Amino acid sequence: MNQQQLETEDSGDKATEPSAEQNKLRDAYVKERTYLEVVEIELNRSKIIMIDEQGRKKRVPILPEH
């Protein structure tokens, strides 16, 4: 085989298999996207509570947005 054929075969392998950097980036993206979904859910469940001078907790009613 000559050099040009070897280069063509090598470049074909890279196109079909993702590199280690691409795998790492994809895994990080999926992980952070999942974390973001959890944070959004937790924010939707949040409640606001005030604490008065005596240390008693008072819930502040908030109308949910439509």
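Does GLU53 fit the bill of being modelled with pLDDT of 70 or more and part of a helix (DSSP H, G or I)? Against the criterion (modelled with pLDDT of 70 or more and part of a helix (DSSP H, G or I)), GLU53 does not qualify. The one condition from (1) modelled with pLDDT of 65 or more; (2) surrounded by 10 or more Cβ atoms within 10 Å (Cβ to Cβ); (3) over 16 Å from the mean Cα position of the chain (by Cα); (4) assigned to a helix (DSSP H, G or I) that PRO18 does not meet is (4).
I'd like to check something: does segment 27-40 contain any residue that is at pLDDT 80 or above, of a type in the set (Lys, Arg) and in a loop (DSSP other than H, G, I, E, B)? No.
The values are calculated or read from the model by the stated rules, or taken from the named source; none is laboratory data. Quick caveat, the model's predicted, so the values are computed rather than measured. Using ideal geometry, Cβ is built from the backbone for each residue, glycine included, and neighbour counts are taken over all protein chains shown.
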